[in-house]
Amino acid sequence: MIRVIVADDQPLVRAGLSAMLGVEPDIDVVAEAPDGAQAVEAARRLRPDMVCMDVRMPGMDGIAATRELCGPGVAEPIPVLILTTFDVDDYLFGALEAGASGFLLKDAEPTTVVDAVRSVAAGNGTLADTLTKRVVRELLDRRRTQPVTAARATELLTARELDILLLLAQGMSNEEVARSLVLEVSTVKSHLARMMPKLGVRSRLQAVVWAYQNRVVDIPT
């Protein structure tokens, strides 16, 4: 059972998302929160499998709350899926840097949201198709201050870790990576666990962004 906390300052949106997720046989909404502070408190107390987090909320916003739950220095991070009405903007990039595992716009189809919840809870990041290229391009533009080359990856990663990173950048899940490389899923997860600290990232999604930043893969056209 996937245990979820829903954080949104709009009661109707919060109730609707909770109801939509709650009808799924494998998802249990264990708490709701109207702001980031209460989401963090509930998450630390209940230790859910993931949190669905709005961006703009009163008091502690979704970015700050995400940093508290899965940012750098968090010993036992809780995955966060950002759900926002806002298209690509500073809030989304800030949330990615804070450690969010995925992003969706609130106008996504219900099945897409449910699939994203399952993906993030399973350790597979997700990003709305309409945002992917623009997020990658924006992050690349923001961090051009240091020269980057694909050689950086070979300095940091083993050959197998590099293979896995390249497949992640194609949007593959752990299961798909395992099938492609003829490995056990547990082996892929072990490689990921060793790879991410080397890259200084906390999620699969951040690892993919790192790959684009360091020109390990080309920007999608």
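Key figures for this structure:
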quantity	calculated
R44 paired with L181, simple spin-label distance in nm, labels 7 Å along Cα-to-beta-carbon	3.6
For T126, distant residues with modelled amide H under 5 Å away	G102, F103
Global geometry of segment 3-121, whether rounded, prolate or oblate, following the gyration tensor of its Cα atoms and the 1.5 cut on a/c	rounded
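Since every read-out is calculated from the coordinates, none of them should be taken as a lab result. The shown structure was predicted, so the numbers you read here are calculated from the model rather than taken from an experiment. Cβ coordinates were reconstructed from backbone atoms using ideal geometry, including for glycine residues, and neighbour counts include every protein chain displayed.
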